[in-house]
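To keep things clear, I will list the structure first and then write my remarks on it.
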Ligand code: FES
């Protein structure tokens, strides 16, 4: 399986690795590129990057786990990004995360069993006037209250969420 994925390594990634190979900061730039192309950092890809830029796999994983932006698991079909920049944090970003956990049954950096939703925390997304803010699949929701969440998540067609609507 991993061999297959390596054999199919995206040409854009190979070109990018060749361009960055000898440059300072190559590790971060290349890992960003892997994530941009594949959506997350599959182990086989981390191994291949390690081989191609001649950096131990342990160092690659050190970088991946240090920077929270890197994902080791495939994100859900709908990625929920909750802003925890200062304004959003002060206006209740934590409540949003807790309520998402109540409704979806998953914490930050986790994916629902059906693969539909995943939750991540992000830094300021640039619309602090709307704090607290979350983004789902590229759509921004602002001035959030936890009671808004069942309806918003219902937009993504989750019948279980509709059952839980009365519960909030
Ligand atoms: S802090 Fe959340 S949008 Fe700026």
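Coordinate-derived values only; no laboratory data. These numbers were taken from a predicted model, which means no experiment stands behind them. As a convention, Cβ positions derive from the backbone with ideal geometry for all residues, glycine included, and neighbour counts pool all protein chains shown.
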Could you give the angle, 0 to 90 degrees to the nearest 10, between helix 57-66's Cα long axis and the longest principal axis of the Cα atoms of the chain?
30 degrees
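If you take the beta carbon distance between residue 90 and residue 66 as r and set R0 to 35 Å, what does 1/(1 + (r/R0)^6) give as a FRET efficiency, to the nearest 0.05? Display every interim value, and only then the final one.
Numbers: r = 26 Å, r/R0 = 0.74.
After rounding, the FRET efficiency stands at 0.85.
Over the chain, calculate the relative contact order: mean separation of alpha carbon pairs under 8 Å at least 6 apart, over the residue count, as a percent. Display every interim value, and only then the final one.
Values: 216 pairs, mean separation 28.6, N = 168.
Reported relative contact order: 17 percent.
For a distance above 25 Å, tell me the whole-number percent of Cα pairs in the chain that qualify.
So the portion of pairs separated by more than 25 Å is 42 percent.
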Can you work out D for the stretch 78-165 in µm² s⁻¹ from Stokes-Einstein, where Rh is the Kirkwood radius over C-alpha pairs, the temperature is 4 °C and the viscosity is 1.567 mPa s?
102 µm²/s
Based on the alpha-carbon set only, what is the convex hull volume of the stretch 5-71 divided per residue, in Å³?
74 Å³
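Would you mind putting 8-18, 85-95 in packing order, based on average other-beta-carbon counts within 10 Å, highest first? Write down the numbers at each step before the final one.
On the way: 8-18: 13.5, 85-95: 16.9.
So the peptides 8-18, 85-95, ranked by packing, come out 85-95, 8-18.
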Output needed: percent of Cα pairs per 5 Å distance bin for the stretch 36-133, bins running from 0 to the one holding the longest distance.
3, 13, 19, 19, 17, 14, 9, 5, 2, 0
Would you calculate, for the chain, the mean residue ellipticity at 222 nm contributed by helices, counting each DSSP H stretch of 4 or more residues as -39,500 (n - 2.57) and dividing by all residues, to the nearest 500?
-13500 deg cm²/dmol
Hey, what angle do you get for helix 43-53 against the long axis of the chain, alpha-carbon based, 0 to 90 degrees rounded to 10?
40 degrees
Angle between the Cα long axis of helix 11-20 and the longest principal axis of the chain, 0 to 90 degrees, nearest 10?
70 degrees
Antiparallel DSSP beta bridges within the chain, percent to nearest 5:
55 percent
With springs only between Cα atoms under 10 Å, which of 48, 19, 99 fluctuates most in a Gaussian network model of the chain?
19
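If contacts are Cα pairs under 8 angstrom and at least 6 residues apart, what is the relative contact order of the stretch 78-165 in percent? If you can, show how the numbers build up before the last one.
Values: 138 pairs, mean separation 29.2, N = 88.
Across the stretch 78-165, relative contact order equals 33 percent.
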Need the C-alpha centroid separation for the stretch 30-79 versus the stretch 109-138, integer Å.
20 Å
Pop a pseudo-label 7 angstrom from the Cα along the beta-carbon direction at both residue 57 and residue 28 and give the gap in nm to one decimal.
2.5 nm
